[in-house]
Structures are given as structure tokens and as C-alpha cells.
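Below: the structure, in C-alpha cells.
Readers should treat all values here as calculations from the given coordinates under stated rules, not as data from a laboratory. Nothing here was measured: the structure is a model prediction, and the numbers come from that model. When we count neighbours, we look across all protein chains shown, and the Cβ atoms used for this are built from the backbone with ideal geometry, even at glycine.
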Amino acid sequence: MFRYSLILAIALALYWLSLSGYYDNGLLLTLGAISIALVLFLCSRMKILDDETVPYLHTPKALSYFSWLFKEIVKANLQVVKAVLSPDMEVSPTMVKIPSSPNTEMGKTMFGNSITLTPGTVSVEMSEDEILVHALLEDMSDPAGFTEMADRSAWSVGEIQSPKLEE
Amino acid sequence: MSLLLAAAETGQSASPDMWASVLHGLSILRNIAVIICLASGLFFVLAGTFGVLRLPDFFTRLHAAGMTDTLGAELIMLGLIIQDGFTLLSLKLLLVSFFLLMTSPTATHAVANAAYQAGLKPLIGRYKAPSPTDIKEEA
């Protein structure tokens, strides 16, 4: 509890400083500190100071996950651009149910958002253990193609120790 | 740049106007990088627009819009960050691109889910754009 409020205070202070840019005006700094204290007070009264509200400990893993995801996004973008700009525009829209292997809410959110973020696939409906995915091209809808993304997103929120990588 | 190389060959120490020419060369390189980023970002935004206009139904059009959200917006942000260098403004631009990456899939999912819940049936199966000759025959 105390740990999370400390982390949240540091994160909010860094965020405030990077947005404000005034470091020598005492009044503004005081008001910033007061607003941070107010947010901390509200959060502790709402009892939402937990790993979900304060996910900053996952930042290093999330950064490495994002660098992997960005490569996938570029690849998918090129596929979609090719399909859209070709004169006869051959697309094969598909709906497919993907098993959602991450167990925590945060892992599921990460996985669902990653699917939507890669162009060509959009997560349409989430249920307990499945995600309904709409894919623009048929070869993007192969459920086996999603297992690496599921593993890595589960890893990025600290759910599993090491992703089963298929290199 | 060439002045500095010449100075290195003759063993002289670099004079102030040599450093100025180095800085000038670097700023040209930076401008080239910025132009490449902005141009390719605009290409993806344009391709996304074409996709929204050409694709047959609501769900397939979402994919084209997603292209504008991801590579299009991020490449433009990257170009602006390179243009500004290591400043506070770049940090803010980095935050903006991060928030774009977080919010745009959430919005896309909300829209897609709402359409699906409302009973909009997606087009499934192969689709090919009608060629101009087909359209003429129909008319």
C-alpha cells in the first residue's frame, strides 16, 4: 500500500514536471505538490492503490514488449497497405475465436489491445477465455499466429516468467 | 564536413568555422530524416484514407482506419521529435504518441463491439473490387 502510493507520487511528479516546464516558480511547484497530494488522498480513499492502478513497475518489460509489438505493427501495416492499394483489392474478411491465454485482467487487456493495434485484426468481443477477432485477410486469422503475442503480453504484465518464444 | 576531413589530413586542429560546417552538415542530415519520417507517415495516412473509401463494409474499414492510427500517426510524431531534438517539447510529443498507442485500440474496440452488439453482420468471405468494365455493363 505504502509502496504503491510512493510509486504513484513519483510517477505523478515526473508527469507534472514534464508537462509544466516551470522549475523555478515556487507558487506553481507548491500547487503541483498539492494536486499530487490530493490525487494520492483520493486514490487511497477509493482503495484503488494496487497493481492495476499503479502499473509503473512493469515499465521495463512493457518497453521491451512494445519494441517487439512495433515490429509486428510495421509488418501488418505493409500487408494491409498492399491489399488496400492494389487495383483489384483482394481481401478475405474472417471472424475467428482466439483463445485468450492470459489469466489476469491486465494481461487480457494487453492482449486484446495488441490485437486491435496491429492493423488487419480487430478484437470485437471479449469473453472469459476467448476473444472474437475480425481479420481483414484470411492468413492473418490463423489462431496459431496469436500464441506468441498472447505469451509475450502475459509476460509483459508479469504473469509468466519467460515467454515461450518461437524463433 | 569536408573542411573537417581536410583539417584531419593536414594535421591541423579544427577551427570555429570548421565546427560550424559540421553542425550545418548535421542539420541537413536531421532535416532529411525528418522529411523521410513525415513523408512516410503521410503515405500511411493517405493509404488509410483510400482504404476507408474503398473497402466494402464497416468492419473492414476499421482496419484501414487502424493503419492511420498506428504507423501514420507514430511516424509523424517521430519526425516531429527528431526535428525538435532533446527538449521538453520532444518529451511531450513522446507522451502524446504513447497515449495514442493506448487510446486508439480502446476506441476501435469500443466502436467494433458496439456495432457487433447492435447486430451489424460483418461481410465474410472473399471480396474483390469491381473492375471499371463491370460497372459499365451494369449501367
With an 8 Å cut-off on Cα pairs and a minimum separation of 6 or more residues, tell me the relative contact order of region A:57-156 in percent.
-> 34 percent
Using a 10 Å cut-off on Cβ to Cβ distances, tally the other chain neighbours for every residue of B:42-48 and report the average as a whole number.
-> 3
Rh_Kirkwood(the protein assembly as shown) over Cα pairs, Å, one decimal, evaluates to 22.7 Å
Chain A - charge dipole about Cα centre, Lys and Arg +1 at Cβ, Asp and Glu -1, debye rounded to 20 | 740 debye
Relative contact order (percent) for region B:2-138, with alpha-carbon contacts under 8 angstrom and 6 or more residues of separation?
-> 21 percent
Note to self, chain A gives a 222 nm [θ] from helices alone (DSSP H runs n ≥ 4, -39500 (n - 2.57) apiece, / all residues, nearest 500) of -18000 deg cm²/dmol
Note: A:128-135 gets an average of partner chain Cβ contacts (10 Å, Cβ to Cβ) equal to 2
Each label sits 7 Å from Cα toward the beta-carbon; between A:SER5 and B:ILE36 the label points are separated, in nm, by 5.0 nm
Residue by residue through region A:134-139, which ³J(HN,Hα) values in whole Hz follow from phi under the Karplus form 6.51 cos²θ - 1.76 cosθ + 1.60 (θ = phi - 60°), with glycine and proline marked x?
-> 9, 10, 6, 10, 5, 6
Could you estimate the translational diffusion coefficient of region A:59-112 from the Stokes-Einstein equation, with Rh from the Kirkwood formula over C-alpha pairs, at 37 °C and 0.692 mPa s, in whole µm²/s?
-> 237 µm²/s
For B:53-65, what's the mean count of beta carbons from other chains sitting within 10 Å of each residue's beta carbon?
-> 5
Angle, helix A:26-46 long axis vs. longest principal axis of chain A, Cα atoms, 0 to 90°, nearest 10?
-> 60 degrees
Cα gyration tensor of region B:70-114, axes a ≥ b ≥ c as square roots of the eigenvalues: rounded (a/c below 1.5), prolate (a/b > b/c) or oblate?
-> prolate
Mind checking the angle between helix A:59-85 and chain A's longest principal axis? C-alpha axes, 0 to 90 degrees, to the nearest 10.
-> 40 degrees
Alpha-carbon centroids, region A:12-81 and region B:14-34: separation in whole Å = 36 Å
Under 5 Å from the placed amide H of A:VAL124, counting only residues 5+ away or on other chains, we find A:LEU132, A:VAL133, A:HIS134
